[in-house]
1. Using the eigenvalues of the Cα gyration tensor, what equivalent ellipsoid semi-axes result for chain B when each is taken as the square root of five times the eigenvalue, whole Å, largest first?
2. On a 0 to 90° scale, report how tilted helix A:342-352 is relative to the longest principal axis of chain A, with both axes built from alpha carbons and the result rounded to the nearest 10.
3. Compute the distance in nm between two label points, each set 7 Å from the Cα along the Cα-to-Cβ direction, one at residue B:70 and one at residue A:53.
4. For the stretch A:54-151, with equal point scatterers placed on the C-alpha atoms only and solvent neglected, what are the log10 I(q)/I(0) values from the Debye formula at q = 0.19, 0.24 1/Å, to two decimals?
5. How do B:144-156, A:243-255 rank on mean C-beta neighbours within 10 Å, highest first?
6. Taking N as the number of residues in the stretch A:101-183, what is its alpha-carbon radius of gyration divided by 2.2 N^0.38 Å?
7. Based on alpha-carbon atoms only, what is the radius of gyration of chain A relative to the globular estimate 2.2 N^0.38 Å?
8. Once you sort the root eigenvalues of the Cα gyration tensor of the stretch B:74-225 as a ≥ b ≥ c, which label holds: rounded (a/c under 1.5), prolate (a/b larger than b/c) or oblate (the other case)?
């Protein structure tokens, strides 16, 4: 067998047998399945019991708030004075009460009293009190249907059309962003772990001088390419497990939980671009790791140095909320074109908005060119520094040695 | 005998400093060759060039007359001074991987590995992880990985350091076996007694240059001193032609006057009925020669 293939085989098998790799690969589908299972269990257990009705009190100092005392699962009990309401609260008859003061119409102010320490009034409670007040205020003035519409004035349903006026196959929305978002997150971790394994493996081989035995059998180029391919294949297995399990799990979630999960769909070209960006992203991180591993005297120094670029992979995730609000922000253009952030940024952006062809082309071309240039440099660094064990060289020394190499 | 590896006028510099300076030598089939020299003399750089791990700046290294390349790498076996294997791998996996990188058919490895593990008394460890083994055991495994593909030239860098006497003898026996099967063994070590015991020829390097090169016994005879070592019973008295007597632990050293030969001294002793237990022309040990040569170049 070709020696590059032997190294590839060894690195691949060595990596997929690592406990960290197995855990990282299986943790996503297992946690998702567990979450669905727990949801099913909880809903089965809680289903038979009827929705618990909460009774809250109110004191109507303005007058006229007598009807509509049932709002969903909340019952409104009237008390004539604040003292009576306070007594009912402390004795446990009601969970809380509120007072509608004389000047409510002018101020809109309602005083709420509760025994619980809360950051703010729960939204469901605010909605129930608001609907109770609105219904009573509009009673006899408008029809019941109009009153209901005033309480809930709109549900926006968006339909995206193509330029020819047909309904677009890709409708966008959060349902479209969820899979690329999860994939981007996992890809960042996968690249991070792969880079870490690469630097660690090379560091160990340098520390125990196995590198000399390897280089007495194969060339630096064979060693480098075998390692990149072996670790890349392992990463591919990881991503494949996620890519295959993600739609299955989301399908299962959609069937069992429904709601938001049923709106989830894959953006067009997602799988193709996901694979392209995985491969390019992986190659970029691998060549960077090869260079870092070669100049580092041991595992620890290598991993510290690798943080410089592995942390960059997470930058698009830090800015992801900005993407959802301002998808066409120039920051996103920079992140999708800068090679180290491009794979993750592009996956995130793919789920949120359309990406112009020029941006996609620029991103892929710059990423590919960076890989070629860095591969060339890494092979040189590999040759020069693989057998140097002392102190890590400075940047000036590296540049000087590369010129002479 | 034909040359297995030949180095001709090999030069290597690092950052302008000459590590190996115009070194020429060859290693023949069926010999154990000592590569000796003080720390920083250029031994490791020379070995790395022989293994094609680094390229010489000038000069040429050939194996069986062929330039170094992927095929010649398979004919060589190398055990570096600082030893290590993949800690998480099992013994047989380690041997198989490293043997396959030397071009050996993976299917043939287990049988051969078992033979060598059996010979070294380590067959029971074949399924163990490297991290579970002692340093000495790991060293024997590494020796096995160095020779399993039956290389023509085996380079051993300080092979005996860290080994107990039993394993040291075992390794020596295996070196003699390799020699007897026509393989060449290069021994790089600071242990001069091992070199004297094992090596047929030596190359002593200092500051990147060859200081001594050739047959070990010839080199030693070139350092013959003008004295004889004598262990005897009886009264010696004055011996003609001896200018000085130096008492040693279990013998005396007779320094000759330069006109008298050792044979004449022996004839005198026999004639005067001195009971001679040991009579030996004094030659310095390799260690003394080493110190002498290295000291000479330090001055």
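1. 43, 25, 16
2. 30
3. 8.3
4. One equal scatterer on each Cα of the stretch A:54-151 leads to -0.94, -1.42.
5. So the peptides B:144-156, A:243-255, ranked by packing, come out B:144-156, A:243-255.
6. 1.76
7. Normalised Cα radius of gyration, chain A: 1.42.
8. prolate
The numbers here are math on the coordinates, done by the rules we state, and not lab data. What you see is a predicted model; the values in this text were computed from it and never measured. Heads up, the Cβs are rebuilt from the backbone with ideal geometry, glycines too, and the neighbour counts pull from every protein chain shown.
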